[in-house]
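Report on the structure given below.
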Amino acid sequence: MSKTLYGNTGGLKPSLIRRLERLYRRRVPPTKIISHELAKELSTLSKELNRQIGILLTRRGEVESVIVGDYNQIVIPAITRYREAEGRLRGLRCIHTHFSHEGLDQDDLLDLAFLRLDLMAALMVRADGLPGKIYVAHLLPSGHNGQHYGYLDPVYPWELAEDFQRLIASLEDELERKRPAKEVSDRQDRAILIHVTSRSKSAAAESIAELKELARSAGVTVLDTIVQRRHKIDPRFVVGKGKLSELFIRAMQLSANLLIFDQELSPSQIRSIAEVTELRVIDRTQLILDIFAQRAKSREGKIQVEMAQLRYLLPRLRSRDDAFSRLTGGIGGRGPGETKLEIDRRRIKDRLARLERELKSISAQRKLRRQRRKRKGLPVVAIVGYTNAGKTTLLNQLTGDRLLAENKLFATLDPTSRRVLLPGGYMAIFTDTVGFIRDLPQDLERAFRATLEELYEADLLLHLIDVSNPYFEEQLEAVENILEEMGLSHLPYLRVFNKIDLLSPEEVEILKRRWQAQAISALKKETLKPLLETIAQTLPPMFYQRQSPIFIDHGKYEY
Ligand SMILES: Nc1nc2c(ncn2[C@@H]2O[C@H](COP(=O)(O)OP(=O)(O)OP(=O)(O)O)[C@@H](O)[C@H]2O)c(=O)[nH]1
Ligand SMILES: [Mg+2]
């Protein structure tokens, strides 16, 4: 029986090939990392070939693969078909020969990490062909002081005293202990967040803090956040390969199943990173899409989210199945040669067109409603602001409603309108809208334009700002920029600082003056009166000519 030799065996003498193939018959006692005899055979063979040789050994001490390299390296074949043992290590160890450079190099360690090998060992080949020292590394399950690898002292193969079974058992035990309780890991995604940037530290900190909030809002457990500053983003893996291996080991140490990147990734980057790390990989856009999908309640909201998802998907469809799918062409009137990819694309486009029509008709109904309202002559006050600013809380406070307000980003997707009585006895309609966020994925922005149509008919924009957020200035600017882009900056406009209960009165005074803003706490009804008075004064006088004031003296309307 002969087994495959991996690597380039071209030009090798048949006798050498036979000797290489015979390596498959070797056995190592299960308690040993490698036997002295096998080490000697590898070393002499390597010397005769003048090339590196590597073997992959199973836990039972059988040779799983023999790999022939060149003088400087071996390339380990894809070994995914070898099933993982109970633990999370692969159950295979690699022992390979080295000539000149002593010890394990960076590539060896990357292989150890990415292939989740039990061990990676480099056996030195001496000039006389006899084995020199052997260098052995393993992954460190708990990462003491940011260390990712553990090393055995380099010794000659016959001096290797480590009991291999015991070593592996203790590594896997530690991995097991690090693993979260099963219920937790099943229900919730466990993620590491990554931000790669060439920008300043503070911008990175702000951005990753927001990503963390987004992840939390999506129901993801955040285990760790990693910021890497680079001059250039790696085109393939975004982070450098070394960093990727650290990330991967960190994921293993923490039992993460998800990597969330703060920047938009190209489809091929997602694929490369997912392939190497065997973890799920998503970017910020995908995360926001997921949140929106979880939240969408109304038909309109659902349509908008689905459209955004389809638009996101469209350029990400792969052409991998092209060769097979050509078979589907030519039947049922489709032109021959139409690929599955094209069919998928067309299906998505058809669906998009259908959704678009449905959305249009909903938006027409909405317009009708608005016109009816207009006819009644009520002014419209639109509450806008960064997500989580407290917009829904404010509307609830003003109306005594119980719309969902919670400490999550994008709690509200569907616009809601309510009548509110202003001081002086005049009615106004207040609308609550979807929150803004900086760098909103374009697909989503497009999708939610329809919801934001309301804003164009507003008579006053109330910009609510969570002034307790350490990044409120950036958020304020982001919202004002979006309003400007949307062509809404001509509307009467009030800046309103919310959540002032979390700040000292002195701070509030300073900020109010600096930003020419009103200040409230949407949780405290008594803080709202001055705001409502300002609103009543800011609204164009024509509304008051059309309405006759309503005087109601029960509690709900008194501010
Ligand atoms: N301390 C404090 N918390 C507030 C105040 N106003 C709102 N909150 C809290 O802030 C969180 C977000 O409030 P929401 O009303 O859901 O915010 P939103 O602007 O509607 O957010 P989205 O719908 O997600 O865009 C909730 O946990 C509120 O209880 C306030 O004045 N003070
Ligand atoms: Mg809300």
Of the listed residues (LEU440, LEU464), the one being touching a residue at least 60 places away in the same chain (Cβ under 8 Å), closer than 22 Å to ALA209 by Cα and near ligand 1 (Cβ under 10 Å from one of its atoms) is LEU464
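Condition test on ALA447, is it within 27 Å of the chain's Cα centre (by Cα), among the aliphatic types (A, V, I, L, M) and surrounded by 13 or more Cβ atoms within 10 Å (Cβ to Cβ)? If you could, list the steps in order and put the result at the bottom.
Values: within 27 Å of the chain's Cα centre (by Cα): yes; among the aliphatic types (A, V, I, L, M): yes; surrounded by 13 or more Cβ atoms within 10 Å (Cβ to Cβ): yes.
It is true that ALA447 is within 27 Å of the chain's Cα centre (by Cα), among the aliphatic types (A, V, I, L, M) and surrounded by 13 or more Cβ atoms within 10 Å (Cβ to Cβ).
Tell me, please, whether a residue that is under 21 Å from ASP344 (Cα atoms), of a type outside the set (Asp, Glu), surrounded by 15 or more Cβ atoms within 10 Å (Cβ to Cβ) and in contact (Cβ under 8 Å) with a residue 24 or more places away in the chain can be found in segment 291-300. Before you say what the answer is, go through the steps one by one.
Within segment 291-300, the first condition is being under 21 Å from ASP344 (Cα atoms), and the residues that meet it are none.
No, there is no match, as no residue in segment 291-300 is under 21 Å from ASP344 (Cα atoms), of a type outside the set (Asp, Glu), surrounded by 15 or more Cβ atoms within 10 Å (Cβ to Cβ) and in contact (Cβ under 8 Å) with a residue 24 or more places away in the chain.
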Are any of the residues in segment 358-381 modelled with pLDDT under 75 and among the hydroxyl-bearing types (Ser, Thr, Tyr)?
no
Within segment 467-504, tally of residues that are of a type in the set (A, V, I, L, M) and buried (at least 18 other Cβ atoms within 10 Å of the Cβ):
8
Quick one: ILE226 ticks every box in (1) within 16 Å of ligand 2 (Cβ to nearest atom); (2) more than 27 Å from ARG449 (Cβ to Cβ); (3) of a type in the set (Val, Ile, Thr) bar one, so which box is it?
(1)
Would you check which residues across segment 377-394 are out of contact with any His (no Cβ under 6 Å at 6 or more places or on another chain) and within 10 Å of ligand 2 (Cβ to nearest atom) and list them?
ILE383, THR387, ASN388, ALA389, GLY390, LYS391, THR392, THR393, LEU394
Within segment 400-432, of all residues that are among the polar types (S, T, N, Q) and within 8 Å of ligand 1 (Cβ to nearest atom), the one modelled with the highest pLDDT is ASN407
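Would a scan of segment 278-285 turn up a residue that is crowded, with 20+ Cβ neighbours inside 10 Å, in a helix (DSSP H, G or I) and out of contact with any strand residue (DSSP E or B) (no Cβ under 6 Å at 6 or more places or on another chain)? Let's see the steps before the verdict.
Applying the first criterion (crowded, with 20+ Cβ neighbours inside 10 Å) to segment 278-285 yields 281-285.
Applying the additional criterion that residues be in a helix (DSSP H, G or I) yields 284-285.
Checking which are out of contact with any strand residue (DSSP E or B) (no Cβ under 6 Å at 6 or more places or on another chain) leaves us with 284-285.
Yes: one or more hits.
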Selected residue (criterion: nearest to LEU523 (Cα to Cα)) from residues of segment 433-467 that are at pLDDT 85 or above and part of a helix (DSSP H, G or I):
LEU455
Select from segment 468-493 the residues that are part of a loop (DSSP other than H, G, I, E, B) and either more than 17 Å from ALA389 (Cα to Cα) or more than 16 Å from ligand 2 (Cβ to nearest atom) (or both) and list them in ascending order.
SER468, PRO470, TYR471, MET486, GLY487, LEU488, SER489, HIS490, LEU491, PRO492
Of the numbered conditions (1) surrounded by 13 or more Cβ atoms within 10 Å (Cβ to Cβ); (2) within 11 Å of ligand 1 (Cβ to nearest atom), LYS524 fails exactly one; give the number of that condition.
(1)
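Per-residue answers, yes or no, for (1) assigned to a loop (DSSP other than H, G, I, E, B); (2) more than 16 Å from ligand 1 (Cβ to nearest atom); (3) among the polar types (S, T, N, Q):
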{"residue": "LYS349", "(1), (2), (3)": "no, yes, no"}
{"residue": "LEU355", "(1), (2), (3)": "no, yes, no"}
{"residue": "SER361", "(1), (2), (3)": "no, yes, yes"}
{"residue": "LYS367", "(1), (2), (3)": "no, yes, no"}
{"residue": "LEU395", "(1), (2), (3)": "no, no, no"}
Hits in segment 395-434 (condition: within 11 Å of ligand 2 (Cβ to nearest atom) and within 15 Å of ALA458 (Cβ to Cβ)):
LEU395, PRO415, THR416, ASP432, THR433, VAL434
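Condition (residue is under 30 Å from GLU306 (Cα atoms) and either touching a helix residue (DSSP H, G or I) at 6+ places or on another chain (Cβ under 7 Å) or without any contact (Cβ under 8 Å) to a residue 24 or more places away in the chain (or both)) applied to segment 239-257: is it met by at least one residue?
Let us first name the residues in segment 239-257 that are under 30 Å from GLU306 (Cα atoms), namely 256-257.
Filter once more, so that each one left must be either touching a helix residue (DSSP H, G or I) at 6+ places or on another chain (Cβ under 7 Å) or without any contact (Cβ under 8 Å) to a residue 24 or more places away in the chain (or both): none.
Looking for residues that are under 30 Å from GLU306 (Cα atoms) and either touching a helix residue (DSSP H, G or I) at 6+ places or on another chain (Cβ under 7 Å) or without any contact (Cβ under 8 Å) to a residue 24 or more places away in the chain (or both), one finds none in segment 239-257, hence no.
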Identity of the residue in segment 247-277, outside any helix (DSSP H, G or I) and hydroxyl-bearing (Ser, Thr, Tyr), that ends up nearest to ARG316 (Cα to Cα):
SER266
Qualifying positions in segment 224-246 - loosely packed, with under 14 Cβ neighbours inside 10 Å and outside any loop (DSSP other than H, G, I, E, B)
ARG229, GLY242
Looking at segment 201-212, can you tell me whether even one residue there is buried (at least 19 other Cβ atoms within 10 Å of the Cβ), within 16 Å of ligand 1 (Cβ to nearest atom) and within 28 Å of LEU110 (Cβ to Cβ)?
yes
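The values are calculated or read from the model by the stated rules, or taken from the named source; none is laboratory data. In this text, all values refer to a predicted model and were calculated from it rather than measured experimentally. Methodologically, a virtual Cβ is constructed for each residue, glycine included, from the backbone with ideal geometry; neighbour enumeration extends over all protein chains shown.
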